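First comes the structure, then the notes that go with it.
The values are calculated or read from the model by the stated rules, or taken from the named source; none is laboratory data. Predicted, not measured: the structure shown is a model, and the values here were computed from it. Ideal geometry is used to build each Cβ from the backbone, glycine not excepted, and the neighbour counts take in all protein chains shown.
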Amino acid sequence: MNIEESSHESEASLIQTVSNIMKTAADVILKTENIVVIHRLPSKKGTIRPIIIKLRNNNAKSAIMKKRTPTKTK
């Protein structure tokens, strides 16, 4: 999934964007308190930088991983 990067992007806006995508695409409710760290990885110029998320517990991760197939097709 390619999430466009904006010039005024912050950690809070990334959390909101990813949470909304997880809710609509995979029916997974990702709470803010479950996210420890979220940021974009470095990449070549002109490409969309991927987002990496570290979650507080494995329950949230398991819920996302079970539903990952529907998010890949959208």
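Listed here are the residues, each with its yes/no results for (1) in a helix (DSSP H, G or I); (2) without any contact (Cβ under 8 Å) to a residue 24 or more places away in the chain; (3) hydrophobic (A, V, I, L, M, F, W, C).
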site: 4; (1), (2), (3): no, no, no
site: 16; (1), (2), (3): yes, yes, no
site: 30; (1), (2), (3): no, no, yes
site: 45; (1), (2), (3): no, yes, no
site: 48; (1), (2), (3): no, no, yes
site: 52; (1), (2), (3): no, yes, yes
site: 63; (1), (2), (3): yes, no, yes
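Residues in the range 11-41 that are exposed (fewer than 11 other Cβ atoms within 10 Å of the Cβ) and of a type in the set (Gly, Ala, Ser): 12 only.
When the test is whether a residue is among the basic types (Lys, Arg) and either in contact with a Pro (Cβ under 7 Å, 6 or more places away or on another chain) or exposed (fewer than 11 other Cβ atoms within 10 Å of the Cβ) (or both), residue 44 passes it.
Residue-wise test of (1) among the hydrophobic types (A, V, I, L, M, F, W, C); (2) modelled with pLDDT of 90 or more.
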residue	(1), (2)
22	yes, no
31	no, no
54	no, yes
60	yes, no
74	no, no
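Find the residue count for the range 32-43, including only residues that are touching a residue at least 12 places away in the same chain (Cβ under 8 Å) and assigned to a loop (DSSP other than H, G, I, E, B). Spell out the reasoning first.
Taking the range 32-43 as the starting set, the residues that turn out to be touching a residue at least 12 places away in the same chain (Cβ under 8 Å) are 32-40.
Now drop any that are not assigned to a loop (DSSP other than H, G, I, E, B), which leaves none.
Total satisfying the criteria: 0.
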